[in-house]
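Only one structure is covered here, and it is reproduced in the block below.
The values are calculated or read from the model by the stated rules, or taken from the named source; none is laboratory data. Because the structure is predicted, anything quoted here is derived from the model rather than measured. A quick note on method: Cβ atoms are made from the backbone with ideal geometry, for glycine too, and the neighbour counts reach across all protein chains shown.
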Amino acid sequence: MIIGTAMSLPEKHILYIPGKNPKPPHDLHKMQLWRCLGEGLRRADPTAMALPYAQFHLADWNHLFYETAKDISADLPWIDQLLHTHGPSPEDIHQANSWRLKLAFVLYNLIDIAQFLIPLVPDPKVRDSVQETRRYFRNDGGIAFRIRSYIKSQLLPLLDAGKQVLVIGHSLGSIIAYDTFWEMTWNDRYPGKLDFLTIGSPLGMRYVQRYLLGWQSPLRERYPAVIHDWINVSAVGDLTSLDQRLHDDFHEMLEQHRLSSLEDHCCDIYNFFHNHEGLNVHRSYGYLINPATGRIVAEWLHQPVAGA
């Protein structure tokens with residue numbers, strides 16, 4: 001993405017699709033995400049245009065999936081601390097590169113290949129994540145269909161109004177976004193285009209790909225066609241983004257001209273979010289405040305609006 005001439009942002013909108021777990025009430029959650037993204041933009045490019053709050057949208061599908069909300073008060077001190085932390089500490093870097101995490105990557109890659117070993121996963125959080133992903137893929141009670149319909153209800157009015165949209169999908173949210181794009185392409189025959197930024201995404205996992213919409217279809221209908229540019233960001237030590245490079249998994253989209261570009265940003269990106277449990281290299285707030293994410297979004301905001 002090339003930085004263009006600075007301009008106002010009347011047509012630029014970001015739709016954020018969160019990952020798993022119950023989330024705080026919509027407005028409280030949106031405000032904290034916007035604060036972190038805004039700080040990430042400022043750190044990446046102090047001259048970058050700020051994204052107006054009204055042009056940042058949150059498609060919080062979680063209330064449909066979990067039917068409950070999370071109390072945000074426990075996170076607020078840690079978010080404030082994050083906003084005043086300007087990079088990973090030497091200890092953060094050491095933890096993200098620890099031999100225990102490297103061993104876990106080897107183990108989980110093996111399990112991703114031999115999926116019958118999933119019940120043997122030692123980390124209960126990872127097992128819970130697998131179970132929640134399974135529930136989405138099984139479409140229990142039509143939940144996946146309702147979630148994708150909700151995402152489209154937030155996304156399509158922006159596209160139909162001629163807005164240029166960047167969809168940011170975190171973790172399970174990136175899977176939901178991808179499936180929604182496939183549905184828009186092949187079920188709804190939607191002709192428009194959007195840009196896609198995945199953060200902490202498990203889309204490179206064989207287990208996930210096996211159940212993606214269209215993955216078992218003939219090649220000509222396998223992939224969505226509504227994405228223009230796709231950038232993937234993975235933090236060092238993030239076990240959820242087990243395969244941190246998506247280009248090798250989705251390069252056929254380029255060959256079929258389903259999208260214009262696909263870039264992976266990984267290997268030297270550190271998520272330095274902390275809470276009472278210590279370093280969490282997967283949390284969305286840490287991804288959004290990272291200058292690597294901020295730089296990508298800043299360049300997107302600087303791009304001239306299509307057709308302008």
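Looking across the range 261-275 at every residue that is at pLDDT below 95 and surrounded by fewer than 16 Cβ atoms within 10 Å (Cβ to Cβ), the one that is farthest from residue 92 (Cα to Cα) is identified as 267.
Working carefully through the options 82, 158, 76, 64, find the one that is among the hydrophobic types (A, V, I, L, M, F, W, C) and under 19 Å from residue 236 (Cβ atoms). First the steps, then the outcome.
Numbers: 158 fails: under 19 Å from residue 236 (Cβ atoms); 76 fails: under 19 Å from residue 236 (Cβ atoms); 64 fails: under 19 Å from residue 236 (Cβ atoms).
None of the others qualify; the one that does is 82.
Mind checking which residues of the range 44-86 are exposed (fewer than 13 other Cβ atoms within 10 Å of the Cβ) and farther than 25 Å from residue 28 by Cα? Matches in the range 44-86: 46, 47. Restricting the search to helices (runs of 4 or more DSSP H) fully inside the range 3-94 and requiring at least 3 residues that are among the hydroxyl-bearing types (Ser, Thr, Tyr), touching a Pro at 6+ places or on another chain (Cβ under 8 Å) and farther than 18 Å from residue 273 by Cα gives an empty result. No other residue among 201, 217 is surrounded by fewer than 22 Cβ atoms within 10 Å (Cβ to Cβ) and of a type in the set (Gly, Ala, Ser) apart from 217.
The numbered conditions (1) surrounded by fewer than 21 Cβ atoms within 10 Å (Cβ to Cβ); (2) aliphatic (A, V, I, L, M); (3) modelled with pLDDT of 95 or more; (4) in contact with a Leu (Cβ under 8 Å, 6 or more places away or on another chain) are all true for residue 239 except (3).
Of the residues 190, 136, only one is touching a helix residue (DSSP H, G or I) at 6+ places or on another chain (Cβ under 6 Å), in a loop (DSSP other than H, G, I, E, B), of a type outside the set (A, V, I, L, M) and crowded, with 16+ Cβ neighbours inside 10 Å; which? Reasoning before the result, please.
Numbers: 136 fails: in a loop (DSSP other than H, G, I, E, B).
The conditions single out 190.
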